[in-house]
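The structure appears right after this line, and notes come after that.
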Amino acid sequence: MTEKKENIFKKRYTVILLAVLCTILWGSAFPGVKISYEYFGILNGEIGATMLLAGLRFTLAGVLTLAAYFISIKKVVLPQKNQVKGILITGVVQTGLQYLFFYIGLSHITGAKGAILATTITFFSVFISHIMFQDDKITVRKLAGCLIGFAGIIIINLKDGGALGGFRILGDVVMLLSTFSAALGAMISKVVARKINPVMLTGYQMILGGILLAAIGGVSGGTLSSSSVNGYILLIYLSLVSAVAFSIWTTLLKYNQPSKIAVFNFAIPIFGTILSAVFLGDSIMSIQNLIALVCVCLGIYVVNKI
């Protein structure tokens, strides 16, 4: 990209449109992953099969990302020696750890609850960005917003047996570990993208992370049993979701303050819960869940109202 084209990613309306597109895609991944478990015959607790499926998804996503990038520039580009370390670290954290925790966590909670918990990435991003970047420090307003948002996470766990279910270590805690890894990985990618094209970085790090996940699945004895074409179509869709969303998001992070981009994660629970209700039949119509969702969205708004 030329510098003139790259500046497009700093324009307000371009940022809004692209960031919202990412959150729609990520929101659709929650019911998509849950449905893929059914297609591939994966039961709750089958970590090996879960990791194998995740590994296939992200390896394919990385291949598709690099293929599109190489076609656009009309040549194949390998990472330079000074870029390899950054790609390795990003791949392990942003794809490997994030989705190791994501797939395990989502197998123990509903798609709607997973989508709401995923918004904690905003709060983790604010704190990590404060540590890593001098121009994106925490303010009193940001801290207040974080507290409001986390209040929403507490609210959805107040009642056992509620519409979104009670507190579960293998569900809630593991999903929070996933969002922390996602936030840390995003901050790392912002630094690494200074030395490498963000789309190229996305492709290589997803292949690395995907291979890592598949290896964990294989060592754990995971197997996939699907005779449905729909299962493979859904796998391709989920791979495209990752390829498109992560390429765009990494590019936006490269040219903007992380906290400015993180605000758009508010749309993940909205799209995730709506799509989970449509495709999975998750029950989301309750005062408790509505208050929780409002708290999360209000918290993220307050964090970024600067």
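Please determine whether any residue of the range 236-259 is over 22 Å from THR202 (Cα atoms) and either in contact with a helix residue (DSSP H, G or I) (Cβ under 6 Å, 6 or more places away or on another chain) or surrounded by fewer than 23 Cβ atoms within 10 Å (Cβ to Cβ) (or both). Checked the range 236-259: no residue is over 22 Å from THR202 (Cα atoms) and either in contact with a helix residue (DSSP H, G or I) (Cβ under 6 Å, 6 or more places away or on another chain) or surrounded by fewer than 23 Cβ atoms within 10 Å (Cβ to Cβ) (or both).
When residues in the range 215-254 are screened for being of a type in the set (Ser, Thr, Tyr) and at pLDDT 90 or above, 7 of them pass. One residue alone among LYS81, LYS34 is open to solvent by 80 Å² or more (accessible area, probe 1.4 Å) and over 16 Å from ALA245 (Cβ atoms), and that residue is LYS81.
Tell me, please, whether a residue that is of a type in the set (Gly, Ala, Ser), more than 17 Å from the chain's Cα centre (by Cα) and open to solvent by 40 Å² or more (accessible area, probe 1.4 Å) can be found in the range 56-67.
Scanning the range 56-67, I find at least one residue that is of a type in the set (Gly, Ala, Ser), more than 17 Å from the chain's Cα centre (by Cα) and open to solvent by 40 Å² or more (accessible area, probe 1.4 Å), so the answer is yes.
Can you name every residue in the range 255-282 that is modelled with pLDDT under 75 and among the charged types (D, E, K, R)? The one that is modelled with pLDDT under 75 and among the charged types (D, E, K, R): ASP282.
Residues of the range 107-146 that are among the hydroxyl-bearing types (Ser, Thr, Tyr), closer than 30 Å to LEU280 by Cα and open to solvent by less than 30 Å² (accessible area, probe 1.4 Å): SER107, THR119, THR120, THR122, SER125.
Among the numbered criteria (1) closer than 25 Å to THR120 by Cα; (2) open to solvent by 10 Å² or more (accessible area, probe 1.4 Å); (3) modelled with pLDDT of 95 or more, which single criterion is violated by MET285? Here MET285 clears every test but (3).
The values are calculated or read from the model by the stated rules, or taken from the named source; none is laboratory data. The structure displayed is predicted, hence computed values, not measured ones. Please note: Cβ atoms are built from the backbone with ideal geometry, for glycine as well, and neighbour counts cover all protein chains shown. Protein only, heavy atoms only, side chains kept; ligands, DNA and RNA dropped before computing areas. Shrake-Rupley method; radii C 1.70, N 1.55, O 1.52, S 1.80 Å.
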